[in-house]
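So the structure is just underneath, and the comments pick up after that.
The values are calculated or read from the model by the stated rules, or taken from the named source; none is laboratory data. What you see is a predicted model; the values in this text were computed from it and never measured. Cβ atoms come from the backbone with ideal geometry, glycine included; neighbour counts cover every protein chain shown. Areas reflect the complete protein model, heavy atoms only, side chains present, ligands, DNA and RNA absent. Shrake-Rupley method; radii C 1.70, N 1.55, O 1.52, S 1.80 Å.
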Amino acid sequence: MIFIGLTDPEKNTRIMNYCESHAIDKVFILSPKKFYFDCEFENSEVIEYADIIEYRYFYRLLQEINSSTLIVINECLRTQNRYDLTYNCIRHFLNQAKHQLIFQWLPLIDDIQDFMILFDFDTRSRWKREKFDIDLLENCRIEIQPKRIELNRIDVTTDATLKNAYQREKTKLVDGIGIKDPHTIPRNLYLMSGKARMQRVVIGEHYIGRNDRFKIGMQTYKESAYQDTPYTVFEFPHNFIDFADFVALSKQTVFNVLVAGLKVDDWYFDRYNQWTKRLNDGYANLS
């Protein structure tokens, strides 16, 4: 069964109820380290997501998994590649086991096709070459607690000096891009516009950004724990999965976003606004 949007205590409840109902004698929890939680089932073991492909774990689990084993797949939607090596290893475990629970805070990384990775886990990959189709959902059970993300734009005035410097840097980056990844351009320009956003920073409030280059104690997307307080988005990460992880770990759904008066800031805000729409559409399709 697939569970979307459950807290750690709710995950524990589902595991304990399932173990009691199905006479489970061992639980293997596959999970990225940042999403570990304390499982109350006595005979449980956590396997770190990055270790799944290691021979010492992969072959041992294949030996130990049996009809009384429960596989818990916890927040393992880590890449959009449906045929990723780690996903293939997980499939081997699931083909040997009879019982699985899939937990994920958000049902996608970028678009609804990502959900098919979770669908594959729950259906033993019987439709692994099929794209998302609402009619396929009758082949799995889904419990959803939607987490709809809201972005509130806070515009920041940008002076002419920074705008001129921005244009010079943009020209320099475009002229020198060559065969480099074109996404290098918005990544670098967005860091530059941070100087403008700094004028709206209020000491004592909490901000989330790519790094703490301005030395204000800013939280970053690399963190694995966040305070129980609203964070203002100082800047978005370039990759959607980093923001999805932050949402899952912080449990925040409404965000104020600082937006400087530069085109790159508009680009990032619009990009994430479209992402929230795809997320909301995904919930509608799965409900």
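With a/c under 1.5 counting as rounded, go ahead and sort the stretch 170-287 into rounded, prolate or oblate using the C-alpha gyration tensor (a ≥ b ≥ c being the square roots of the eigenvalues; past the cut-off, prolate if a/b is larger than b/c, else oblate). It comes out oblate by the Cα gyration axes. Here each label is just a point 7 Å from Cα along the line to Cβ, and for Glu150 and Asn17 those points are 2.9 nm apart. The string of couplings for the stretch 27-36 from the Karplus curve (6.51, -1.76, 1.60, θ = phi - 60°) is 10, 9, 10, 9, 7, x, 4, 5, 10, 4 Hz, one whole number per residue in order, with x for Gly and Pro.
Within the assembled protein chains, the solvent-accessible surface assigned to Val201 is about 30 Å², based on a 1.4 Å probe. Relative to the dominant Cα principal axis of the chain, helix 85-96 is inclined by about 20°. Around the amide H of Ile29, modelled in the peptide plane, lie the amide H atoms of Glu45, Val46, Ile47, Val72, all under 5 Å away and 5 or more residues distant in sequence or on another chain. Helix-only arithmetic for the chain: the sum of -39500 (n - 2.57) across DSSP H runs with n ≥ 4, divided by the residue total, places the mean residue ellipticity at 222 nm at -12000 deg cm²/dmol. Compute the long axis of helix 263-286 from its Cα atoms, compare it with the longest principal axis of the Cα atoms of the chain, and write down the angle in degrees, 0 to 90, nearest 10. Rounded to the nearest ten degrees, it is 30. Considering every alpha-carbon pair of the chain, the percent of pairs per 5 Å bin, from zero through the bin containing the longest distance, is 1, 5, 11, 14, 15, 14, 12, 10, 7, 5, 3, 1, 1, 0. Working from Cα positions, state the angle (0 to 90°, nearest 10) between the long axis of helix 160-175 and the longest principal axis of the chain. Long axis of 160-175 versus the principal axis of the chain: about 60 degrees.
Surface analysis of the chain yields an accessible area of 49 Å² per residue, using protein heavy atoms and a 1.4 Å probe.
3J(HN,Hα) along the stretch 62-67, derived from phi through the Karplus expression 6.51 cos²θ - 1.76 cosθ + 1.60 where θ = phi - 60°, amounts to 4, 6, 8, 6, 9, 5 Hz, with x in place of Gly and Pro. Residue separation of Asp135 and Thr157 scaled by 0.36 nm, minus their Cα-Cα distance, works out to 3.1 nm of gained length. Compute the FRET efficiency between Asn88 and Asp181 as 1/(1 + (r/R0)^6), taking r as their Cβ-Cβ distance and R0 = 30 Å, and round to the nearest 0.05. Working from the Cβ atoms, E equals 0.65.
For Ser67 and Asn256, FRET efficiency with R0 = 35 Å and r from the beta-carbon atoms, rounded to 0.05?
0.10
Database remark: amide H of Val156 closer than 5 angstrom to the amide H of Val259, Ala260, Gly261 (H placed geometrically; neighbours at sequence offset of 5 or more, or on other chains; Pro and chain starts carry no H). By the gyration tensor of its Cα atoms, with a ≥ b ≥ c the square roots of the eigenvalues, what is the shape of the stretch 1-118: rounded for a/c under 1.5, prolate for a/b over b/c, or oblate? Verdict is oblate for the stretch 1-118.
Loop-located chymotrypsin sites (Phe, Trp or Tyr not before Pro) in the stretch 73-104 (DSSP state other than H, G, I, E, B) with a sparse environment of at most 14 neighbouring Cβ atoms within 10 Å: Tyr83. Whole-Hz Karplus values for the stretch 224-241 come out as 10, 9, 9, 6, 7, 8, x, 10, 8, 7, 6, 7, 7, x, 6, 8, 4, 5 Hz, taken residue by residue from phi with 6.51 cos²θ - 1.76 cosθ + 1.60 and θ = phi - 60°; glycine and proline positions read x. The amide H of Gln100, built 1.01 Å from its N in the peptide plane, has Ile71 as neighbours under 5 Å, considering only residues 5 or more places off or on other chains. Counting only GluC sites (Glu not before Pro) that DSSP places in a loop and that have at most 15 other Cβ atoms within 10 Å, the longest clean stretch of the chain runs over 131-222. Largest to smallest in accessible area, the residues Met116, Met198 fall in the order Met198, Met116 (1.4 Å probe, all protein chains included). A crude spin-label estimate for the pair Glu223 and Glu40, with each label 7 Å from Cα along the Cβ direction, gives 2.9 nm.
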